[in-house]
Structures are given as C-alpha cells and as structure tokens.
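The values are calculated or read from the model by the stated rules, or taken from the named source; none is laboratory data. On a predicted model such as this, the values are computed, not experimentally measured, just so you know. Cβ atoms come from the backbone with ideal geometry, glycine included; neighbour counts cover every protein chain shown. For accessibility, only protein heavy atoms count, side chains too; no ligands or nucleic acids. Shrake-Rupley method; radii C 1.70, N 1.55, O 1.52, S 1.80 Å.
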Amino acid sequence: MATTLGPGSRPGTAATPEAGAAADQAALLRVRGLSVTYPSARGPVPAVRDVAFDVRPGEILGLVGESGSGKSSVCTAVMGLLPDGTRLDADEIGFEGRDLARLRERDLRRIRGRRIALVPQQPMTSLAPTTPVGRQLRWYLGDRLDDPQLRGTLQAIGLGAVLDRPHDLPGAFSGGQLQRLVIAIAALAHEPALLLADEPTTTLDATVQAQVLKLLLTLREDLGLAVLYVSHDLAVVAQICDRVGVMYGGRLVETAPVAEIFTNPRHPYTRALVAAMPSTTPADQPLRPIPGTAEGANLLPGCPFAPRCPEVMDVCRTAMPAPVRRAAATVGCHRSGGEAGEAA
Ligand SMILES: Nc1ncnc2c1ncn2[C@@H]1O[C@H](COP(=O)(O)OP(=O)(O)OP(=O)(O)O)[C@@H](O)[C@H]1O
Ligand SMILES: [Mg+2]
C-alpha cells in the first residue's frame with residue numbers, strides 16, 4: 001500500500017488536503033506535495049507548487065486552468081517524463097502501492113504505458129507518420145487484432161475507417177479519427193488503470209470533441225479506467241468529469257465535485273472562470289473575461305491569484321493560503337480561512 005501521510009505531517013503546510021476524501025475511498029493515484037521546477041536562462045521556473053490530489057479508481061478528475069498554470073507539468077511528473085535538469089519534489093506520487101517519485105527508471109518503465117497511459121494533445125506525437133495505421137495497431141494489439149470481439153469494440157468506438165483502410169498512413173485520417181485511435185491503443189494495448197489525457201480534444205471541432213469524450217466515458221464504463229483529464233475549458237470538463245481540480249500559477253487552488261464547481265465555486269479564481277464561460281453569460285450580455293494576466297503568478301510568494309482577485313486582502317499578497325477542506329471541496333484561499341491544521 002502507499003505510504004500514508006497523516007494530516008499535518010509536513011512541517012509548514014496545512015493538514016493534508018483530501019485526507020478525509022482519501023479515507024472515504026482508497027486512491028488509485030495519490031499525489032502529495034508535488035513541485036516541479038524547470039531550469040531556465042532567467043532562473044528556476046516553479047511550474048507546479050506543492051500540489052496534492054487523489055484520483056480514485058474509475059473516476060474522471062478534471063484538471064483545469066489557464067495556459068501555463070502547470071497542468072501538463074503535473075502529467076509529465078506523474079509519468080516520470082520530465083526533461084533532464086528539471087527538479088521534482090514530491091512527498092508522494094502513490095500509485096497501486098508504489099511511490100512513483102522514488103522508483104528507478106527501469107521500474108517506472110513497467111508502469112508507464114502499461115498501468116498508466118498518456119494521451120497527448122496531438123495524436124501524431126504518438127503515431128509513426130510513415131507507417132500504415134493497420135501495422136501500428138498490430139504493434140500494440142498483436143494477434144488480438146484478429147479477434148472478432150476486439151474488432152467489434154474498435155468498430156463501436158468509431159475506428160471502422162481505420163479497420164477498413166489498414167494500409168493508409170495516419171495522414172489519410174482526420175484528427176478526430178487519429179485521436180480515437182491513440183486513445184484506443186492507450187486503453188486496449190495493455191490494461192491501464194489510469195489514463196492521463198492532456199487536452200486530448202483541444203484541436204478538434206465540437207462534434208468530433210463530443211465523440212472523443214463519449215469514447216472516454218465508454219472506456220471508463222467498460223474497463224473501469226480512471227482518467228486525469230486536462231483541459232483549459234470548463235465546459236468540456238463539465239461534460240465528463242466527476243471532480244475538478246482548478247490550477248493557477250502552479251497551485252491547485254480548488255478541488256471539488258463537478259457540480260459544486262459550478263453551483264458553489266469557493267475560490268475567487270474558480271468563480272471568475274465560471275463567470276467567464278459563454279454558457280453562464282446571458283445572450284444579451286458581453287462575456288466577462290478575467291481582468292489582468294496570469295503572467296508571473298507562479299513566482300508570487302502569496303496567493304497566485306492575488307493581483308487579479310476582486311476580494312484580495314493584504315495577507316493574500318504575502319502568505320500562501322493553506323488548503324482546507326470545506327464539505328467535499330478543498331480550497332486554498334485566505335477568505336475560506338486557510339489556516340494550517342484546519343483541514344479535516
Ligand atoms: N521544459 C520547460 N522548461 C522551462 N519551462 C517550462 C518547461 N515546460 C513548461 N515550462 C513552464 O512551466 C509553466 C507551466 O507549464 P505547463 O506546460 O505545465 O502549463 P499548462 O497548464 O499545461 O499550459 P497549457 O495550457 O498552455 O498547455 C509555464 O510557465 C511554462 O512556460
Ligand atoms: Mg499543457
């Protein structure tokens with residue numbers, strides 16, 4: 001089993017967020033105290049800062065936030081694929097009884113792609129452009145590709161065209177078809193328990209996006225897969241996620257069940273994100289974009305949202321709010337009373 005960190009076990013931080021939730025149901029992925037810092041010519045770039053969350057078995061957890069908030073870095077860290085020279089700090093990246101942050105590369109390789117699979121934003125990054133799709137499917141599925149039942153599954157998830165034209169190169173298929181192909185390979189080649197989907201529908205139009213989301217829901221239903229679904233689009237997250245983590249400036253500022261994110265957003269950034277959604281704006285009203293920019297938020301000593309926050313207090317600019325549990329949500333905001341040790 002994964003090491004259990006008791007509440008408040010880390011000096012200088014709040015009680016472990018999600019500790020209560022984790023007790024309700026064992027986590028499949030249990031991330032605690034995750035920080036990622038990239039080197040750069042202008043000094044270290046803290047991309048992920050002391051992030052903690054759980055993904056439960058069969059759950060779809062959305063990770064949303066503006067560009068640069070650190071979403072992809074979380075995925076890359078969990079996969080153990082950060083570029084050389086990057087600093088990874090983690091109290092725990094617990095997965096199926098192992099701490100991925102402390103595994104040797106050789107052991108990580110047995111998990112990566114097998115028990116945890118990554119679906120990238122651009123399907124072509126995981127396909128060979130000059131190899132026919134049929135051969136690529138066979139690389140991953142082997143003789144199972146001849147199994148009528150598996151072929152039926154592939155047909156059912158919209159890969160009929162790929163099965164009908166196995167000699168065609170990837171370039172002869174649409175972005176949506178290729179994304180479904182990559183997801184099918186990720187989910188069916190081995191028996192992953194967790195898919196990390198990093199903006200898998202961002203480049204697709206709304207109809208094709210809906211097909212891909214439906215495929216992910218089908219895979220969760222049929223295979224019991226858990227998914228960490230990364231997106232900058234709250235509307236997409238609303239369609240498929242059970243819970244949502246909201247990132248800003250490298251911090252996870254709020255985690256809550258998806259309905260709560262929309263009906264009772266607790267962090268001012270979450271409220272601003274929801275208010276900025278076209279679907280929450282009446283047709284005769286202009287959209288309400290969030291004033292200011294997220295540039296440099298990851299370097300601030302206090303709350304990363306403080307410079308843009310309509311409810312900012314003096315303390316927000318100097319002290320990082322500690323995450324606290326509020327019902328089924330975890331929120332890091334001084335307005336929510338983020339005192340260390342308060343979380344249950
Ligand atoms: N290899 C790298 N070297 C230096 N800085 C990096 C590197 N990769 C990411 N960063 C920086 O880390 C921060 C977080 O980047 P990340 O790609 O994780 O954000 P993101 O939320 O996935 O953004 P997007 O929505 O644009 O994909 C950004 O400031 C980014 O510029
Ligand atoms: Mg990204």
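Applying the condition of being modelled with pLDDT of 90 or more and surrounded by 15 or more Cβ atoms within 10 Å (Cβ to Cβ) to segment 120-135 and asking which residue is nearest to ligand 2 (Cβ to nearest atom) yields LEU127.
Which residues, counting only those in segment 237-265, are over 13 Å from the mean Cα position of the chain (by Cα) and surrounded by fewer than 24 Cβ atoms within 10 Å (Cβ to Cβ)? Listed by number, the residues that qualify are ALA238, GLN239, PRO257, VAL258, ALA259, GLU260, PHE262, THR263, ASN264, PRO265. Being closer than 30 Å to PHE173 by Cβ and within 13 Å of ligand 1 (Cβ to nearest atom) is the requirement here; does VAL119 meet it? For VAL119, the condition - closer than 30 Å to PHE173 by Cβ and within 13 Å of ligand 1 (Cβ to nearest atom) - is not met. In the set (1) among the aliphatic types (A, V, I, L, M); (2) open to solvent by less than 10 Å² (accessible area, probe 1.4 Å); (3) farther than 25 Å from THR76 by Cα; (4) assigned by TED's automatic domain parsing to the domain that holds LEU204, ALA306 fails one condition alone, (4).
Taken together, GLN155, GLN122 contain a single residue that is under 21 Å from LEU216 (Cβ atoms) and touching a residue at least 60 places away in the same chain (Cβ under 8 Å), which is GLN122. Given the criteria within 16 Å of ligand 2 (Cβ to nearest atom) and not charged (D, E, K, R), does PRO57 qualify? Judged against the criteria, PRO57 is not a match. Residues that are hydrophobic (A, V, I, L, M, F, W, C), surrounded by 22 or more Cβ atoms within 10 Å (Cβ to Cβ) and under 28 Å from ALA322 (Cα atoms) are absent from segment 199-220.
For segment 149-167, the set of residues classified as open to solvent by less than 50 Å² (accessible area, probe 1.4 Å) and of a type outside the set (A, V, I, L, M) consists of GLY152, GLY158, GLY160, PRO166, listed by residue number.
Where helices (runs of 4 or more DSSP H) sit wholly within segment 66-172, those with at least 2 residues that are closer than 26 Å to LEU204 by Cα occupy 71-79, 133-141, 148-154, 160-164.
Looking across ALA117, ALA47, one residue alone is touching a Ser or Thr at 6+ places or on another chain (Cβ under 6 Å) and either within 14 Å of ligand 2 (Cβ to nearest atom) or of a type outside the set (Val, Ile, Thr) (or both). It is ALA47. Taken over segment 22-65, residues that are crowded, with 23+ Cβ neighbours inside 10 Å and in a helix (DSSP H, G or I) amount to 0. One residue is enough: does segment 84-104 have a residue meeting the conditions over 21 Å from VAL212 (Cα atoms), modelled with pLDDT of 95 or more and within 16 Å of ligand 2 (Cβ to nearest atom)? The answer is yes; a qualifying residue exists. Scanning segment 66-88 for residues that are in contact (Cβ under 8 Å) with a residue 24 or more places away in the chain and open to solvent by 50 Å² or more (accessible area, probe 1.4 Å) turns up GLU66, SER67, GLY68, SER72, LEU81, PRO83, GLY85, ARG87, LEU88. Is at least one residue of segment 55-64 among the small types (Gly, Ala, Ser) and farther than 19 Å from ARG115 by Cβ? Yes.
Screening ARG138 against (1) touching a helix residue (DSSP H, G or I) at 6+ places or on another chain (Cβ under 6 Å); (2) in contact (Cβ under 8 Å) with a residue 12 or more places away in the chain; (3) more than 16 Å from ligand 2 (Cβ to nearest atom); (4) open to solvent by 30 Å² or more (accessible area, probe 1.4 Å) leaves a single unmet condition, (2). Of the conditions (1) free of Cβ contacts under 8 Å to residues at least 40 places away in the same chain; (2) over 19 Å from SER67 (Cβ atoms), PRO307 satisfies every one except a single condition; which number is it? With respect to (1) free of Cβ contacts under 8 Å to residues at least 40 places away in the same chain; (2) over 19 Å from SER67 (Cβ atoms), PRO307 is out only on (2).
Residues are listed down the side, and each one gets a yes or a no for (1) within 22 Å of ILE60 (Cα to Cα); (2) out of contact with any Pro (no Cβ under 6 Å at 6 or more places or on another chain):
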position	(1), (2)
ARG98	yes, yes
GLY142	no, yes
PRO148	no, yes
VAL162	no, yes
GLN179	yes, no
